[in-house]
1. Sort out for me the Cα centre separation of segment B:350-409 from segment A:65-128, rounded to whole Å.
2. Run through all the Cα pairs of segment A:273-314 and give the fraction in each 5 Å bin from 0, expressed as whole percent.
3. Using the count of nearby Cβ atoms within 10 Å as a rough guide to exposure, how do B:LYS420, A:LYS36, A:LYS18 rank from fewest to most?
4. Output needed for segment A:151-207: three equivalent-ellipsoid semi-axes, defined as square roots of 5 times the C-alpha gyration tensor eigenvalues, in descending order, whole Å.
5. So between A:GLN343 and A:GLU178, what do we pick up on full extension, going 0.36 nm a residue minus the alpha carbon distance?
6. Cα centroids of segment B:422-438 and segment B:127-141: how far apart, whole angstrom?
7. What spacing in nm lies between the two simple spin-label points modelled at B:ALA23 and A:GLU331, each 7 Å away from Cα in the Cβ direction?
8. Grab every C-alpha pair in segment B:300-417, bin the distances at 5 angstrom width from 0 up to the longest one, and report whole percents.
Amino acid sequence: MNASSGSENFVVFDRVQKSYDGETLVVKDLNLSVGKGEFLTMLGPSGSGKTTCLMMLAGFETATHGEILLGGQPINNIPPHKRGIGMVFQNYALFPHMTVAENLAFPLQVRNMSKSDQEAKVKRALDMVQMGDFGGRRPAQLSGGQQQRIALARALVFEPELVLMDEPLGALDKQLREHMQFEITNLAHNLGITTVYVTHDQTEALTMSDRVAVFDDGRIQQLAPPDELYEAPSNSFVAQFIGENNTLMGTVSKIDGDRAEVRLDDGEIIDTKPVNVSKVGERTLVSIRPERVEFNKERMTPGAHTIKAEVLEFIYMGDIYRTRLRVAGNEDFIIKTRNAPDQRRLQPGEQIEIGWRAEDCRALDA
Amino acid sequence: MTDNTAQTPAGPVLAADGRPLKASLNRALRAQKIRALLLIAPLLLFILITFILPIADMLFRSVENQIVRETLPRTVAAMEAWENHEEAPGEDVYAGLYIDLFEAAEFRRHTRVGSRLNYEMTGISSLFRQAGRGVGRFDTDLYTDQFTDLDTAWADYATWTGLMGDSAIRAALPETADSFDTWVRITIEANDDDPAEENIEDFVYFSLYRDLAGNGYSGSNALLSTAAEAVSSFDSLSIRDQFEELDEDWLNPELMETIWVYSPSYTPGYFLTAIDMQLSADGITAQPEDRQIYVTLFGRTLFMSLVIMGSCVLLGYPIAFLLANLPMRISNVLMILVLLPFWTSLLVRTSAWKVLLQQQGVINDILVWIGMVPDDARLQLINNQTGTIIAMTHILLPFMILPLYSVMQTIPPSYVRAAKSLGATDWTAFWRVYFPQSIPGIGAGCILVFILAIGYYITPELVGGRTGTFISNRIAYHISSSLNWGLAAALGSILLGVVLILYWIYDRIVGIDNVKLG
């Protein structure tokens, strides 16, 4: 590895653009570096360009403009089979006419590895995903989760430094998916491989990744670790895309350092943290997480603004209570409260006052 | 439900009303089944009447052979006693043949049995036709004259009905009784006359002579007793000589052998002919070399069908691959080009090939023009095997492309991508990952094309010439020209059998579950 490809820049997208029809750009000016050993997730709604990026990295699509570097080397002109990148596909793409062991041996065979080496590696890979006894089966005889593991083992068996995963858990049921999320991250971290993971499931992205790149409209909207992404979304798209989110529209009425007052459309004043607003009079979309809203007066910051709300609906969800309110004309304002012995259950029709810490309420672009 | 099952733990499961659950279920489903049956009934009847029954009839015809036994019953019965088959049989057989032929000629059935036997031995047909006229002119009136000279009552119809009304006399004179009944039947049914007003035919007196001369008469009838005493001094003739006089071929043991061999009601003869064998005195033997055509023809049909199938795979696979991998809009347009031949008449397409392939045709002209072929040695591309293979490959190609295409469409591109990402070159990815998954399509296409090709008729007929025809052309010839339906049926049955056997082998090797048409 040469000097320009430090461990911070193992995979580099340098001003990459992609167009299929010569009229619209699917990927617009993408700049991204992935560090060695990092687990990076590309998250975004369908059509946001994330899969296209992955396919360009794998070599199945060519970039219209810009360069992709792997370990410091430009790979634009290297065919896919010479890139040495492991890939897990959405529907696993296990070869149906081969047994599990043959599937795993395939990448080793095409590399002309000796039979004994092949067997040893296949066995090690199968053991790694706890599927040691399944070598003789056909993919069709395996459950979805088992197929997923085999696909993972196949992508890892030839010891690639980079593994790409294209929505690999999309076809599994919820419980299995959560289990596999855990397994994949563990495996990736234990083996120290660099992983680029594509998904549209935000929970997956948040729980698995070192960093998440949120895609929309062919651009990265925010590239940040999961906690930062959730708690400090840098624009309204990210705020709304990641997690549940309450939004209110208003106009900035006062800015004072990292505090800003926003006059909502019905005249009420709230405290916010200015993120994408810079001057008084600007229209803004205010975003606040449901679990950061407080209605218990004793726990509120003294002197902070509160606003009136009417309880519309109370939903018992076991570990939490979910209450729908009408706030400043918005009837979909949700608050979530932990189910604790001292927690009060709000009744529909009740008039309450709600408030929050100014730093939890972010004034974003309108 | 649980209560019931709990009460009868060992017995059958009962429904709520106490009846066995199975019976209740059957009753509930019966209405559905009847409805389903009624829905398919019209088609079922249609298929049964127009398809299954004719096929069954044809299969039956390939072994059916009642005509000889029905037309020549006395001959066949007499032949039971024929011992030395190296020589022509004795008088008894010819006596039977005389009466049989007389009766058959009157009912105009002798030509039919002649044609039937002519399939087995050329010349029999004309022999029978000639005999149909000849048997009436045999010199057997010798006996008629002698009997009527002895007693004029013998010419009287009433005398005969009197004698033949007595069962004891009938038993004593079996041949005479049979001949008289036959004559009465001929007179009434064949000639629409009144027996009482007609002269009794010579063959009845011939039979009477044979009975009386052979067995004598020991009964009480005076007329018969007199006649029985007189016959020993009658002039007699050999009916065998009469036949020899008619045509000496009648004394050919081979001819009589043919009648004997084909006398059973069911015969493997047609099937043997269809594989260039024949029934003869020594059992089953090979046909003479100059008459062996069917095995060669079957072999050629199989070989050419395989070649056509192979060329369809070679030509169709890349096209299907392209169609399956192009964007939908373009592949739909190309698909129309593939289907276009389907919308054109088969005859038109075949005729077009005639224009293209003939020696003064477009292809030869172009080859001569670019100098690849000298003008005086133009390629023979039609009226031979080449022509049949070219035209049939073109006509059957869509049957290969369509199943291939529909199977290839179901192969997700991610398989090839996965193979490439695992380090396989384009060729390895295709050969080890894509190709094995397209085999069901190849299998379906091959079965379709091969089975269609093996029974193809019109194209080989038009462009096949002498060397490029199929077994089906021969079957058609026997159906419509030589009218040897039995042989046609046997050839068709063998063809059906061959197809079924190949299908079975294919199932064993590839597995019919692996065949996908879409």
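1. Answer, in whole Å: 46.
2. So the P(r) values, bin by bin, are 5, 14, 20, 23, 19, 13, 6, 1.
3. Ascending Cβ contact count within 10 Å gives the list A:LYS36, A:LYS18, B:LYS420.
4. 19, 11, 11
5. Length difference between fully extended and current span is 56.5 nm.
6. 80 Å
7. 6.1 nm
8. The percentages, shortest bin first, are 2, 11, 16, 16, 17, 15, 11, 6, 4, 2, 0, 0.
Taken together, the values in this text are just the output of simple stated rules run on the coordinates, not laboratory data. Given the structure is predicted, the values throughout are model-derived calculations rather than measurements. A quick note on method: Cβ atoms are made from the backbone with ideal geometry, for glycine too, and the neighbour counts reach across all protein chains shown.
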